[in-house]
Structure formats: C-alpha cells, structure tokens
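S.K.: Before anything else, here's the structure in question.
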Amino acid sequence: MTSPADTALASLEFAVTRNPAARTDAEREAALSDPAFGTVFTDHMVGVTWTDGEGWHDARVQPYGPLSLDPAAAVLHYGQEIFEGIKAYRHADGSVHTFRPDRNAARIQRSARRLALPELPADVFTQSLRELIAVDGAWVPAGDDQSLYLRPFMFASEPFLGVRPAKEVGFYVIASPVGAYFKGGAKPVSIWLSEDYARAGKGGTGAAKTGGNYAASLLPQAEAYEQGCDQVVFLDADGNVEELGGMNIVFVFKDGTVVTPASPSILEGITRESLLQLAADRGHTVQQRPISLDEWRQGVASGDIVEVFACGTAAVVAPIGQLKGHAFSDPQPTGSLALELRQELTDIQYGRREDTRGWLLRLDA
Ligand code: PLP
Ligand code: COI
C-alpha cells in the first residue's frame, strides 16, 4: 500500500486553523476538574489525508468537530479502521511529555499493514502529537493520575462499495483529558471469563488495533457487566489465556517469575512491555509463553500464582481480584508487585523518577 515516496517522507508541513470557538480558560479548567474517560475533548484535532497517487498530504490542525463523510465511505461498511492510544503527561515544571511514541508509531504501521491501510511514517505520527500539543497543550491536566489521552486513528474514507482497500484514507488525532479509568483507582477489578465468545482467531486481526476487535468484545463485555464484573478475559481456541477487552494480562508466580501470554492474536501492549522491562531490571525472570486457563486456575488454587494484573495505557495497571465464569468464581490473590510496578512506571511518566531508559519524549518544546 505504501509507495517508496511515502516511507521516505520524514515530515509534513501542518497548516494550522485556530478554533474561533475555543473554550475560555475558565471553561477549560471546569472541564479538566474531573473528566470521566473519553467524554471531554480539546479544541482542536489533527488531520492528514492519504490518497492513492498523492500519498500523505494536506496535514492540518483544525478546530475539533464533526467529520463530513460520504454515506458510502468504506469504513462504514467494511470496518477498515485502526487506532492508537497514548498519553501526554504534565510534569511538575509544567513541561509535557509522552511515553514511547516510537512504539505506538510502529504498532499503527503493523495495524495498517494488516488492515490494508497505508503506513503513516513514524515521524509524521510523532509530529502530529506535537502539533496538537502546540495548540492544545493547556488541556494537559496537572492533577494526580490525570493525563491527556491522545487517540490517533485512521480509516477508509473513500466512497466505494466494492470490497478492496480504499484509495482515500484519513488519519486524525483527537485528545481527551482523563483521570483514572476505573472508578476506585487501583482497587482490584473483577474479570468475567468469556466462554461463549472469542475476540480473535488464528490468522485474524487480533494483533491489530482495529475497531472490529472492540466491536466483537462488546457483547461479552456487556455479559461481564451483567455478572457484576468490570472486564472480560478471552481465551484462544486451545484454552490459552489471551487478553482482556482493552488490556493485557500478567501473572506473578511464587518464585517471582512474571508470565504474560505469548500469542500471535493479542495486542502487543506497550504498558506490558514496559512493566516487564521494569520487572526484569528488578531481577525478576520474565516469560512470554502460552498460559492456559487450567494453569491459571490450578496455579491460584495451589498458591503457585501469587498475583494477577491487567495493564494498558488507559487503565495503567489494575490488579485482578476475582475471576468468574458460568460455573465458578475464584478469588484472585493480590500482592504488591503490580502496585509497585505501577508506581515505578507512573513515576517515570510523570517525571517523578529519572527516565534512565529514554522512554519519554518532550512534546511541548
Ligand atoms: N490489549 C488491548 C485489546 C488493548 O486495547 C490495549 C490498550 O491499548 C492493550 C492490550 C494494552 O496496550 P497498551 O499498553 O499499548 O496500551
Ligand atoms: C488504551 O488503553 O489505550 C485502549 O485503547 C483501551 C481502550 C479500551 C480504551
């Protein structure tokens, strides 16, 4: 999909149109006081257009607002869409930083390949975040556990009902100030085991961050809520644990070994990768390998598994306190590692601890 000219493209000139109806300082401060996840949006958004032939062009910062789409736009029919999730953090000195954007840039390129969308050059991805912060930097909240959640996304805008990769695509970034994802902060969450529905299949799109995977998770997620659970966990066809609807899962064993599922059909989380690095740097053995539901339940019953937690950009780290299925309900052991790693990770992200690994990128300078 991507021509050599596209990949050579290192940066684009962004045209900036200021929002004449931008919120006043007082309105913004009110909106930032206690934002529920994904409900409040900033005054601007980034847009970049791709067409077959012209490649990536028309890079712009524009007022946040509705998109005008042809009803035949391919995304509305065939779901050719991908997205990312990444945060901007305000440090005590007022500066604004993001976390490992190279990883998100690479992941949206992998997602693009799987969804037959054009690959956005990594530098344009990062530049788009900088451009948005340049106009909406005041929207990065400064409160505890608050951040500006950035949502880059790309979709097939071409009006065409034939089934083939679209020749016209839009890339956008919107931004939403957020606080803690789960009400109750880092208190343990309960997980519903999806026994009737899968999220991904062999050779499917599970490793891509594409809307369809989330659409497939909504019914089992609704079932989870009905069962009084916060999140849903999916298995593969062989009974191996995959991940949650919007988070990866990690197991801590009695001997300190930290295990997370290896599977070609889960989303390779950047939070997970970073936490495992922090655990390895503390001397923990870290394994990425298949782990079955049986091993999980038996490990908890025998005391071999001492902690289970979920992790992702939106939720950061959430200890798992209960695993529930149609015919069982297992309390899960909670330990201290999940919360210690959460503290270490967020200390780096918020600039309270030295970033010795080069994970942060300053966005406002
Ligand atoms: N798995 C799924 C399905 C997700 O939606 C997410 C969230 O982005 C993750 C895992 C965790 O990925 P990351 O840590 O990169 O946010
Ligand atoms: C994220 O953590 O960034 C996600 O995309 C998960 C989503 C469920 C909010």
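S.K.: Does the stretch 240-283 hold any residues that are part of a strand (DSSP E or B), open to solvent by less than 10 Å² (accessible area, probe 1.4 Å) and either small (Gly, Ala, Ser) or more than 8 Å from ligand 1 (Cβ to nearest atom) (or both), and which are they?
M.R.: VAL241, GLU242, ILE249, VAL250, PHE251, VAL252, VAL258, VAL259, THR260
S.K.: Report, by residue number, each residue of the stretch 284-311 that is among the aliphatic types (A, V, I, L, M), closer than 22 Å to GLY239 by Cβ and not in a helix (DSSP H, G or I). Show your work before the answer.
M.R.: First pass over the stretch 284-311, keeping only residues among the aliphatic types (A, V, I, L, M): 286, 291, 293, 300-301, 305-306, 308, 310.
This time we only want the ones that are closer than 22 Å to GLY239 by Cβ, so: 291, 293, 300-301, 305, 308, 310.
Within the stretch 284-311, ILE291, ILE305, VAL308, ALA310 qualify.
S.K.: Additional query: Need the failing condition index for ASN213 against (1) part of a helix (DSSP H, G or I); (2) farther than 18 Å from ILE108 by Cα, just the number.
M.R.: For ASN213, the failing item is (2).
S.K.: Go through the stretch 194-211 residue by residue and tally those that are open to solvent by less than 20 Å² (accessible area, probe 1.4 Å) and either more than 16 Å from ligand 2 (Cβ to nearest atom) or assigned by TED's automatic domain parsing to the domain that holds GLN109 (or both).
M.R.: Adding up the residues that qualify gives 0.
S.K.: A further question follows. Restricting to the stretch 189-222, count the residues that are under 16 Å from the mean Cα position of the chain (by Cα) and more than 15 Å from ASN248 (Cα to Cα).
M.R.: Summing the residues that are under 16 Å from the mean Cα position of the chain (by Cα) and more than 15 Å from ASN248 (Cα to Cα) in the stretch 189-222 gives 5.
S.K.: Okay, moving on. Among the residues of the stretch 327-348, write down those that are closer than 13 Å to GLU307 by Cα, touching a strand residue (DSSP E or B) at 6+ places or on another chain (Cβ under 9 Å) and part of a helix (DSSP H, G or I).
M.R.: LEU337, ALA338, LEU339, LEU341
S.K.: Give the residues of the stretch 160-189 that are open to solvent by 20 Å² or more (accessible area, probe 1.4 Å), among the hydroxyl-bearing types (Ser, Thr, Tyr) and assigned to a strand (DSSP E or B), sorted by residue number.
M.R.: As a first pass, look at the stretch 160-189 and keep what is open to solvent by 20 Å² or more (accessible area, probe 1.4 Å): 160-165, 167-168, 172, 174, 180-188.
Narrowing the set further to residues that are among the hydroxyl-bearing types (Ser, Thr, Tyr) leaves 172, 181.
Passing the criteria: only TYR172.
S.K.: State which residue is farthest from ASP93 (Cα to Cα) when the search covers only the stretch 331-354 and only residues that are among the acidic types (Asp, Glu) and within 21 Å of the chain's Cα centre (by Cα). Give the derivation first.
M.R.: If we filter the stretch 331-354 for residues that are among the acidic types (Asp, Glu), which is where we start, we get 340, 344, 347, 354.
Right, trim to within 21 Å of the chain's Cα centre (by Cα) and you get 344, 347.
Working: GLU344: 19, ASP347: 14 Å.
Going through the qualifying residues, I end up with GLU344.
The values are calculated or read from the model by the stated rules, or taken from the named source; none is laboratory data. Since this is a predicted model, take the numbers as computed values, not measurements. With ideal geometry, Cβ positions are generated from the backbone for all residues, glycine too; neighbour counts draw on all protein chains shown. Ligands, DNA and RNA are excluded from the accessible area calculation, which covers all protein heavy atoms including side chains. Shrake-Rupley method; radii C 1.70, N 1.55, O 1.52, S 1.80 Å.
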